[in-house]
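The block underneath contains the structure these notes are about, expressed in structure tokens.
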Amino acid sequence: MFPAFFHHLSLVLYQVLECVGVNPWVVERRRHTFLHREAEWDVHDHQAGRDVTTFHFGSQSEGTTTPGLQSDTDMLYTYNPINIMFSWADWQRGRGNLLMVRYDDTPPQHYLLQLIDEDVPQPVTHIDDPDCVTDSQGRVFYSNMAVVRAWAAQWGDEHIRHGPSNSPSKDWDFVSALYCKTLPSEIMSWFTRMQHGYWPSKKTLQAAQRCGCFLVPDGHHGSVNQDIEWRITPNLIERLLMFSLNMVPIKCLVVLKMLKKQEFVKYIHCENCKFTTFLCKTALFFTLNRTPPTLWTKHRLVECIVRCLQTILEFLNQGICPHFIVEGVDLFDGKLCRDCQVSLEQAIQGMIQDDMHVLFHLQSDDLGQRLMALPHDVRPYPGDDMNAGICGKLFKDLFELYLKHVRWVCSRLCNNAGADVITSLKNEINILESLAVNARTTQYDKNYIKFIVKCLMSVKASVTSSSCIQSCDPLPQDIWQLYSESLNTDVASSKLKLASMHYCRGELQRAASVLNEVEFDLDDSVQTVCGCGRQPYKDELSKAFCEYTVQNDSHKQLTKKLAFCVRFLREEKFCAPRFMWCEMYRAVGDDVDHRDRNDRQWMDWAEVDARPFLLYLQYLTYRGLGVRHRQLEAFHRLNDIVTSDKLDQLYHPETVLNLSGHCWELEGDVQEALHAYNTSLRNRPRNNAANWHKQRLELMLNN
């Protein structure tokens, strides 16, 4: 029996979790966001000629996290040219074939991968390769250390390894894996075991049978063959199970993670021992399987948490934690010694006997304080600022990733020596459009490809226009179709490039008309996004944008509230104001040697935040039209940005200061112009066009 107050506490806890991001709205956003991220990686790899598939697994992609849990992001890569053979019938000619084999003493969940000839179905008997190991029987196996060495070579001293995962920081986990389309017997037996439980449903089990599994480079900690063992992991089945859950078990799992992070860790004293998030998920799965669906309601949430803790107690008491799916595996093995198991068992028993008062002491997301504040001091989701902030950040980060991809494509095409950029853009667009109609392409892939194609159309339109302006040729008729199809990539950048093209062609009234349209749309609900790899000094999300994402989650709707930074390649320079050409040649002396990997992709271009560029272009346009009051209005608004804390919220503050300096020059105030350029240089001493402008003005003053 459970205390009567559990009913009320459950309802309060349920509501509190709604307010910290554990609600259907945010969970669904997280899942769709990371599925879109998978699409971005897949398209990127396809364009780079890499036959790789990327998956996001874990808390972030499942929606089982909160800001306070600070969960990392898990990515798994599979190298598709490798064919994993479960039996000889799986052999394929021309593929890198690896046969799953075991010794008599190979630990559960582990296999060795034997090299098989790609021309005939027979074992490779000799190979001169440091990534392969030959055993006493002459069999050649692929070493899991090959993956570790590859990651270490890429990241050097920053390389961190935990089991099969490798990363350059604590915020990311990268796992290289091999996909096996055939489920081995220790997974197939799970389907038989599940026939007698309450969960998963028959529909979910049928879908799970179509999932394959992965082999990750992680040998058993106590094995003599540790460096050539690969561990099977059913990540796709686990994700399918998580996606099938309603909110009560999801909230239950989040609370278990909070307890693990804050409380369980106090009772695990051995250096190499840990109680993992996966153990929490395993306990949830077993509890769901054993208990009727009628238990999993919001007024019994605390009871569900207790039952999961009782499942953990059972495992601790037995000294064995079975894997929910893979038969014969003890998840405590190598993770939690017996002394720590006993210590943790006593602690969890105490929590249950104390009627779960521990919940009121949870610090993550101020959960305990929020529990005590209810029912009078809480706002309903999704209007809670935390929920809106979570969603806003998800979409901002997603589009930054998209823009990095566009930048990478442009950099690759521009660096292709001897190639015509317009032709290269046309070919790239054709390749992407062909990929979009491929039968294997998912809807997420199609949506992403559509966005990238529009971005590239904008670049193609501008490059073509620049060439025509340079040669004084008329614009081809199809150029307007390119501009038209690319204008809704976001609310500002493509339109600003169109306005800039009109300005450079002397079509000032047309430029002013487009600028007025951008000005009307560029309100406070618009969020600035850039893919340059920089982050503003004050990387603040627009509150209005975050609130907008509460009601709108489609990419078509969201792009109406996003303003990308405006980028001009050198091939587009005749569509950019002449003063901005200096941004394309900003290096002085050895500045190029002081660019990081992100800088090298864009610092030979001109790039500027949308809002200040709008004002700069308005200043130039109305100056040309002789509309002095509109010119001065734009001038004062631009100066308001560079002289306020708004400057700290820009991606390219040094460029904006340079544009301000140019306006001061045109106003005839050389000293203010110099002040702007000096401020720009204090912001970015190197790789800054202000060096050229300052030298030019100082020479002028000295003469």
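The values are calculated or read from the model by the stated rules, or taken from the named source; none is laboratory data. Model, not experiment: these values are computed from the prediction. Cβ: placed from backbone, ideal geometry, glycine included. Neighbour counts: every protein chain shown. Note: areas computed on protein heavy atoms with side chains; ligands, DNA, RNA excluded. Shrake-Rupley method; radii C 1.70, N 1.55, O 1.52, S 1.80 Å.
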- Query: Just a yes or no: is a residue in region 637-652 at pLDDT 95 or above, open to solvent by less than 10 Å² (accessible area, probe 1.4 Å) and in contact with a strand residue (DSSP E or B) (Cβ under 8 Å, 6 or more places away or on another chain)?
  - Reply: yes
- Just name the residue that is surrounded by the fewest Cβ atoms within 10 Å (Cβ to Cβ) out of those in region 543-575 that are of a type in the set (Ser, Thr, Tyr) and farther than 30 Å from Val421 by Cα. Ser554
- Taking Glu327 as the residue in question, decide whether it is outside any helix (DSSP H, G or I) and either touching a Leu at 6+ places or on another chain (Cβ under 7 Å) or within 30 Å of Phe214 (Cα to Cα) (or both). yes
- From Cys211, Cys308, residue being open to solvent by less than 50 Å² (accessible area, probe 1.4 Å), of a type outside the set (A, V, I, L, M) and part of a helix (DSSP H, G or I): Cys308
- Look at Pro685 and say whether it is free of Cβ contacts under 8 Å to residues at least 24 places away in the same chain and within 36 Å of the chain's Cα centre (by Cα). yes
- Task: Grab the helices (runs of 4 or more DSSP H) fully contained in region 447-522, keeping just those with 3 or more residues being of a type in the set (D, E, K, R).
- Result: 508-521
- Item | Matching residues in region 607-646 - criterion: being over 21 Å from Val514 (Cα atoms) and in contact (Cβ under 8 Å) with a residue 12 or more places away in the chain | Asn639, Ile641, Val642, Asp645
- Message: Going by what's in this entry, would His555 be described as in contact with a Phe, Trp or Tyr (Cβ under 8 Å, 6 or more places away or on another chain) and in contact (Cβ under 8 Å) with a residue 12 or more places away in the chain?
- Response: yes
- Query: If Asp365 passes every condition in (1) touching a residue at least 24 places away in the same chain (Cβ under 8 Å); (2) open to solvent by 60 Å² or more (accessible area, probe 1.4 Å) but one, which one does it miss?
  - Reply: (2)
- How many residues, within region 108-129, are of a type outside the set (D, E, K, R), farther than 19 Å from His220 by Cα and touching a residue at least 12 places away in the same chain (Cβ under 8 Å)? 8
- So which pairs qualify, if the first residue must be in region 176-204 and free of Cβ contacts under 8 Å to residues at least 24 places away in the same chain, the second must be hydrophobic (A, V, I, L, M, F, W, C) and open to solvent by less than 30 Å² (accessible area, probe 1.4 Å), the Cβ gap must be under 8 Å, and the two must be at least 6 apart or on different chains? Phe191/Leu205; Phe191/Ala208
- Residues being part of a helix (DSSP H, G or I), closer than 20 Å to Val656 by Cα and either open to solvent by 20 Å² or more (accessible area, probe 1.4 Å) or modelled with pLDDT of 95 or more (or both): count how many of those fall in region 602-626. 14
- Query: Can you name the number of the only condition in (1) open to solvent by 10 Å² or more (accessible area, probe 1.4 Å); (2) aromatic (Phe, Trp, Tyr); (3) more than 23 Å from the chain's Cα centre (by Cα) that Phe243 fails?
  - Reply: (3)
- Failed item in (1) modelled with pLDDT under 85; (2) among the aromatic types (Phe, Trp, Tyr); (3) open to solvent by less than 20 Å² (accessible area, probe 1.4 Å), with Trp151 passing the rest: (3)
- Has region 247-270 got at least one residue that is within 23 Å of the chain's Cα centre (by Cα) and in a loop (DSSP other than H, G, I, E, B)? no
- region 477-512, subset closer than 14 Å to Leu620 by Cα and among the hydroxyl-bearing types (Ser, Thr, Tyr), residue most open to solvent (accessible area, probe 1.4 Å): Tyr503
- Query: Being over 20 Å from Leu456 (Cβ atoms), open to solvent by 10 Å² or more (accessible area, probe 1.4 Å) and of a type in the set (Phe, Trp, Tyr), is that true of even one residue in region 581-596?
  - Reply: yes
- Looking at region 523-537, is at least one residue within 22 Å of Pro612 (Cβ to Cβ), open to solvent by 50 Å² or more (accessible area, probe 1.4 Å), of a type in the set (Asp, Glu) and not in a helix (DSSP H, G or I)? yes
- Task: Mind telling me which of the residues Gln47, Gln60, Gln70 ends up being polar (S, T, N, Q) and free of Cβ contacts under 8 Å to residues at least 24 places away in the same chain?
- Result: Gln70
- Can you name the number of the only condition in (1) open to solvent by less than 40 Å² (accessible area, probe 1.4 Å); (2) among the charged types (D, E, K, R); (3) within 19 Å of Val52 (Cα to Cα) that Lys181 fails? (1)
- Query: When only residues in region 190-203 that are open to solvent by less than 20 Å² (accessible area, probe 1.4 Å) and touching a helix residue (DSSP H, G or I) at 6+ places or on another chain (Cβ under 7 Å) count, which is nearest to Ser244 (Cα to Cα)?
  - Reply: Pro200
- Val518 being closer than 28 Å to Asp385 by Cβ, of a type outside the set (Phe, Trp, Tyr) and touching a residue at least 40 places away in the same chain (Cβ under 8 Å): no
- Message: Residue under question is Trp41, and the condition is that it be of a type outside the set (Lys, Arg), part of a helix (DSSP H, G or I) and under 15 Å from Ile390 (Cβ atoms); does it hold?
- Response: no
- Kindly indicate whether Thr464 is over 20 Å from Gln601 (Cβ atoms), free of Cβ contacts under 8 Å to residues at least 60 places away in the same chain, out of contact with any Lys or Arg (no Cβ under 8 Å at 6 or more places or on another chain) and hydroxyl-bearing (Ser, Thr, Tyr). yes
- Condition check for Val20: open to solvent by less than 10 Å² (accessible area, probe 1.4 Å) and touching a Gly at 6+ places or on another chain (Cβ under 6 Å): no
- Query: Looking only at residues in region 288-305 that are of a type in the set (Val, Ile, Thr) and surrounded by fewer than 16 Cβ atoms within 10 Å (Cβ to Cβ), which one is nearest to Trp199 (Cα to Cα)?
  - Reply: Thr294
- Query: In region 201-256, what residues are charged (D, E, K, R) and in contact with a Cys (Cβ under 9 Å, 6 or more places away or on another chain)?
  - Reply: Arg239, Lys251
- Given (1) within 18 Å of Asp333 (Cα to Cα); (2) open to solvent by 30 Å² or more (accessible area, probe 1.4 Å), number of the condition Lys261 does not satisfy: (1)
- For His221, the lone unmet condition from (1) modelled with pLDDT under 95; (2) open to solvent by less than 80 Å² (accessible area, probe 1.4 Å) is (2)
